Structures are given as C-alpha cells and as structure tokens.
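Beneath this line is the structure, given in structure tokens, with notes to follow.
The values are calculated or read from the model by the stated rules, or taken from the named source; none is laboratory data. Remember, it's a predicted structure, so these values are computed and weren't measured experimentally. Note that we place each Cβ from the backbone using ideal geometry, even for glycine, and neighbour counts take in every protein chain shown.
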Amino acid sequence: MMQRTQLRKWTEWLVKIESVVNTAGEATIAEKLYEELRGWTYFQRHPERLWLQPTDENREEGRKRYNVVALVKAEPDTSVGQAAVADTTLLVGHLDTVGIEDYGQLRGLATQPDELKEAWRKQMADLPEQAKQLPQVVKHLEDEDWMFGRGALDMKSGVAANLSILHYYSEHADEMKGNLMLVAECDEEDSSNGILSAVPFLNNVAEQEGLVINAAINSDFVTARYEDDPNRYVYMGTVGKLLPSFYVTGKETHVGQAFDGFDPNLVLSELTREIDYNTDLCDEMYGEVTPPPVSLKQTDLKPYYDVQTPLGGFVYYNFLVHSLSPREVMEKLRDCATRAFERAIGSYREQYLRYCEKIGQSAREITLVPRVYTYQEYLAYVTDRLGNETVQAALTKKMDQLNKTDVDIRWYCCRLVEELNRLDDDKSPVCIIFYSSLYSPRIALSTENERDQRLQRAVEYAVAEASKEYANPIEIRQFFPYISDMSFVALSDDEEGIEGYTANMPAWGNRHTVPFDEIRKLNLPIVNIGPYGFDAHKKWERVELTYSLEVVPQMMQSVIEHLWGKRG
Ligand SMILES: [Zn+2]
C-alpha cells in the first residue's frame, strides 16, 4: 500500500530543497513541508492539527527556524458508542543536513540526485584511476537502486517514509486504533534545538488533545557496521554522549628555571595517556560495547609566545555511554585524573632529583600533591572560603561578559572555571573536571517497563515479517551508534544521575539549558527504523531505495499496527 514511486518523489522533493543546518534553507524546508501537508485533504478538514512551530531559541527575526508537527487522529465509530482513543505513536525525523562544501566543483548539484549521479558517472569514466579506488561507489552509480545527494540518506528518505505513513492513515483514519503524530525537526546536525523545542510543545498538544504518546519511531539512517556487512539494522535505543573536560593549572616559571614551576601540559599529557583509547572506559550494556573515549581538544591557555611556561591547560574527550550516568562518568574520570596527576608529579620529582644530582646541587622537598575536584566540589570549596555572594557576583559578571560574545560553549565553560580558579587563594596546581557541552542522554528500552516491552514486541514482529521477503538479514540491536535526536525524548538516567551533569556544567541555567523536566514528562520509548546507505556526511552519500522506500515503511506500519493490536 505504500507507494514506492510516491516515496521516491517525496525523497527527491525534500533533497532538492537545500536545508543545511544553520542556514535559511532550514526554515524554507519546514515552510514548504508545512504547505505540502496543508494541501492534504485531511489537514484541509483539520487545519488545527498541523503546526509550524518556531523553536524557542533566541534568534532574530528572519533567522527563525521551525519544526513541523502534525497530528492524525483515529476516528472511532461514535454511532456504535466507540470512545476517543488516547494512545498515540510519534514519528520523528530531522529536515536539516550537513553542509555541501565537500562536493567541491559539483556542489551546485549536491541536492540534484539525478544530475549528480550523471555527472559522477561521467567523471568516473574520465578518471579511471579514481574509479578503481572506489569500486563500490562506481557500482552504485550504475545501479538504479541507489540515489545520491546530500540528505538522500541522512535523512530525507526517512522523513519521506514518515510522510508516507502519515499520508496513508490520514486517508484511512477509520482503520486507526491509535493516533499518529509527526515531528519533522530542525538543527539535528548541530545542537538539537529543534527536538528540544518540540518536546514541551508535544507535551502541551498531548495535554490539550487528551493524547498519551506511548511510543516513538525515529527514522534516521543506518549503515554497515563492518566491511561487507550484509545486515540492515533496527535499533531499540541510542548511545549517549558526554564531553568531560578538564581545566588544569600549574605554576609558571621562566624556562631557565624549569623546576621552579610546574608545567600543566605534563598533567594534560598524562590525562590523555590515561583516558584516550582506554578500553576500560568502554561502557557495556546488553552485550553491546561503546567505543572508548578519544580526545577532541588539548591545549594550554597561553595566548602568545614567550619563555614562560603556561599557567593553565584545557582538554576534553568524547565519551559515549550505554549505561553510565553523567554522575558515574564523573566518578570514573576523577579516579583517572588523580592517577594522571600523581604520575605527572612522580615523573617531575624523579627528573628533578636526577637534575640536582647532575648539577651537584642539594634537592629541596617537592611538596606538590594532586588536587582534583569536580566542578561541583570546586564551586562548593571556593564558595566556602569566599562566601556565596562574592563567588556568584564574579561568575555572573564573567557570564555577562561572555554572553556579549558568540564564544563557543566549550570555551565559555572553560572561562568560567578559569574565573572560579582566579578566586581560589590556594594557587597550587589543580585539576577541575566539568562538562562543557550538550549531554545527549543514552536511551535503553527497559526490560521491566510494560510500555517499553510493548514496543519491543512490535519491533520484533515487524522485523520478522519484513525478513520473510527481504533478501538481506535485518538485525535488531540495542543502541543506535550515531548520536541523534532520539536522545531527547526520554531519560534513562535518574535525577541524581542527571544532576551529575547539571551541577558540573558551568554554563547550566545561563547559556545552556535542556528541558530535562519536559523530557522526563514525555518519557517515550523510541526505536530507530531508518533508511540504509553509505557515506552520510560525505560527498558519496547515497541511499539504497528498495530497503529504504519499501521495507522501512512496511516495518513502520507493522510496528504501528502491532501496537494497535491489529497484528501479530
Ligand atoms: Zn541524521
């Protein structure tokens, strides 16, 4: 019943509306989708069930962006006394894409699937050397079943699948045993302001319309997990992401008297040796293991060259989680930082003693001790010494200064920690651990929650059904491995776990907030059933049409109808 030709048309139509994140295209695509939906018979009859919802970010007029939200309600037969249904399933997908610079000279064709494919076919014919290096791309260029172009895979084909489901039921509302809601959001590829604004909005609509949103399907892309991987994947939850950050001070000195000071870069190096690629920090749950943390920045804080050793340093690591809360990650990293700090002092002391021996000088005692604090502890410690008023006044002043700039959130946080350290009268070297970026929570379906189990059974049924006809194996896994907006519709962490984030995020409540209360209120089990392809975020981005435009919508429909008790 889902028409592949119609899905292909929607995919192409969406791809052709360039919608790079943080550009005007993001607003354009939302407006056009809203117009498209407004033309459907259903929304002609129920215009009040369709919304072009501006995000609640602070953006000036003309730079606003939007989510499109739509509701199709089951129509119970009131003549035989059927009551209105509350049970609602949410379809989620993002409309924005990453940039198109990587297409180089062909960037004008990045969002024109047919012309792009044609141009590349020619290019491959002209450049046999390049073609030899890209055998799979060449094969797909010759294959009708593959569509190229920015957003084709990530994830306009997924949005098209959502639309096809919504469209079908909007014309067959009498077949529905539950309601369907669609949210097509912006800013997934950057800061998730789309979904974060949508969550309170969805809670409001649910309240006003008497809906209970019980399950959600996201349709972001999936891809091979290893070379020649034959599988397609459906995910029951998502990995979470944190950005643990470290501010380290030393004691500055002239390079001529190296041992009069203490170089914070030594501590940073030991930290990276302790944390980078450390598989003890992989997080395993349900037999699935996250990749280990890896550094995303490491720098000292000297703004210019001179022969004085730096006073402070800053480093942060990507940290993926399946089961650990921000509180637990903090605890683990505090141990890592203490070990790293101890090692740095140890090697410093050792070299100092050798040096004294070399120059025939008697050694003084090295009194350095590892001082490691979480931001929460350090704030309490400094406040204890100076009083709340003084500390808050200084931090507020610093924030006001920073708010006048468009400084990166990670640096914003670093500068606040630096300010706090400035207030500390103990000037001995210190390491302060904090979070300096958005927390994308992990989501795992719970084995104890009946609503989660209901969705899990529906997915298992849908995958079994689809597998009967589709050649490649479709595998169910627990954690969607690429960060996505799935993170923001539920919280698997308890309040204390989340507080481990909010209390250690210096910008929290000022430059940075996340409506965790609203997310906890929505608290939806979410799965990902999405298009399959390769090279998302790269110029060879492409989507396999048969799986993405036939199997995916079919599975979505099976899940929905199983949830409604119509199947399985
Ligand atoms: Zn995506």
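Would you confirm whether any residue within region 549-556 is crowded, with 20+ Cβ neighbours inside 10 Å and part of a loop (DSSP other than H, G, I, E, B)?
So far as region 549-556 goes, no, none of its residues is crowded, with 20+ Cβ neighbours inside 10 Å and part of a loop (DSSP other than H, G, I, E, B).
Among the helices (runs of 4 or more DSSP H) lying completely within region 104-155, list those that include at least 2 residues that are at pLDDT 95 or above, away from the ligand (no atom under 16 Å from the Cβ) and under 24 Å from VAL222 (Cα atoms).
113-126, 135-141
Quick one: which of ALA503, ALA471 is small (Gly, Ala, Ser), out of contact with any Gly (no Cβ under 7 Å at 6 or more places or on another chain) and closer than 29 Å to THR546 by Cβ?
None of the other options fit; the residue is ALA471.
If you check ILE529, ILE474, ILE519, which single one turns out to be among the aliphatic types (A, V, I, L, M), out of contact with any strand residue (DSSP E or B) (no Cβ under 9 Å at 6 or more places or on another chain) and either farther than 20 Å from ALA160 by Cβ or buried (at least 17 other Cβ atoms within 10 Å of the Cβ) (or both)?
ILE519
Out of region 36-65, which residues are out of contact with any Phe, Trp or Tyr (no Cβ under 7 Å at 6 or more places or on another chain) and outside any loop (DSSP other than H, G, I, E, B)?
Selection gives GLU36, ARG38, THR41, TYR42, PHE43, GLN44, ARG45, PRO47, GLU48, TRP51.
Looking at region 253-262, is at least one residue at pLDDT below 95, closer than 30 Å to TYR348 by Cα, surrounded by fewer than 18 Cβ atoms within 10 Å (Cβ to Cβ) and among the hydroxyl-bearing types (Ser, Thr, Tyr)?
yes
Between a residue in region 382-398 that is among the hydroxyl-bearing types (Ser, Thr, Tyr) and any residue that is surrounded by 13 or more Cβ atoms within 10 Å (Cβ to Cβ), which pairs come within a Cβ distance under 8 Å, given they are 6 or more apart or on different chains?
That search, which allows pairs on different chains as well, returns THR383/VAL391; THR390/LEU423.
Pick from region 156-195 the residues that are assigned to a helix (DSSP H, G or I) and in contact with a Phe, Trp or Tyr (Cβ under 6 Å, 6 or more places away or on another chain): which of them is farthest from the ligand (Cβ to nearest atom)?
Per the criteria, the residue is SER170.
Say whether the condition of being of a type in the set (A, V, I, L, M, F, W, C) and surrounded by 23 or more Cβ atoms within 10 Å (Cβ to Cβ) is met by at least one residue in region 301-311.
So far as region 301-311 goes, no, none of its residues is of a type in the set (A, V, I, L, M, F, W, C) and surrounded by 23 or more Cβ atoms within 10 Å (Cβ to Cβ).
Condition check ((1) in a helix (DSSP H, G or I); (2) in contact with a Leu (Cβ under 8 Å, 6 or more places away or on another chain); (3) farther than 25 Å from THR253 by Cβ) across all residues:
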position: PRO292; (1), (2), (3): no, yes, yes
position: GLY313; (1), (2), (3): no, yes, no
position: VAL329; (1), (2), (3): yes, yes, yes
position: LYS332; (1), (2), (3): yes, yes, yes
position: THR338; (1), (2), (3): yes, no, no
position: GLU342; (1), (2), (3): yes, no, no
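Exactly one of (1) touching a Ser or Thr at 6+ places or on another chain (Cβ under 7 Å); (2) in a strand (DSSP E or B); (3) within 30 Å of SER323 (Cα to Cα) is unmet by TYR247. Its number?
Answer for TYR247: the failing condition is (1).
Would you please name the residue that is farthest from the ligand (Cβ to nearest atom), looking only at residues in region 479-515 that are acidic (Asp, Glu) and part of a helix (DSSP H, G or I)?
GLU496
Of the residues ILE432, ILE409, which is crowded, with 21+ Cβ neighbours inside 10 Å and either touching an Asp or Glu at 6+ places or on another chain (Cβ under 9 Å) or of a type in the set (A, V, I, L, M) (or both)?
From the options ILE432, ILE409, the qualifying one is ILE432.
Could you look through region 516-544, keep only residues that are out of contact with any helix residue (DSSP H, G or I) (no Cβ under 7 Å at 6 or more places or on another chain) and in a helix (DSSP H, G or I), and pick out the one that is farthest from SER487 (Cα to Cα)?
Filtering region 516-544 for residues that are out of contact with any helix residue (DSSP H, G or I) (no Cβ under 7 Å at 6 or more places or on another chain) and in a helix (DSSP H, G or I), the one farthest from SER487 (Cα to Cα) comes out as ASP517.
For residues in region 210-223 being in contact with a strand residue (DSSP E or B) (Cβ under 7 Å, 6 or more places away or on another chain) and more than 16 Å from the ligand (Cβ to nearest atom), which is farthest from SER436 (Cα to Cα)?
The residue in question is LEU211.
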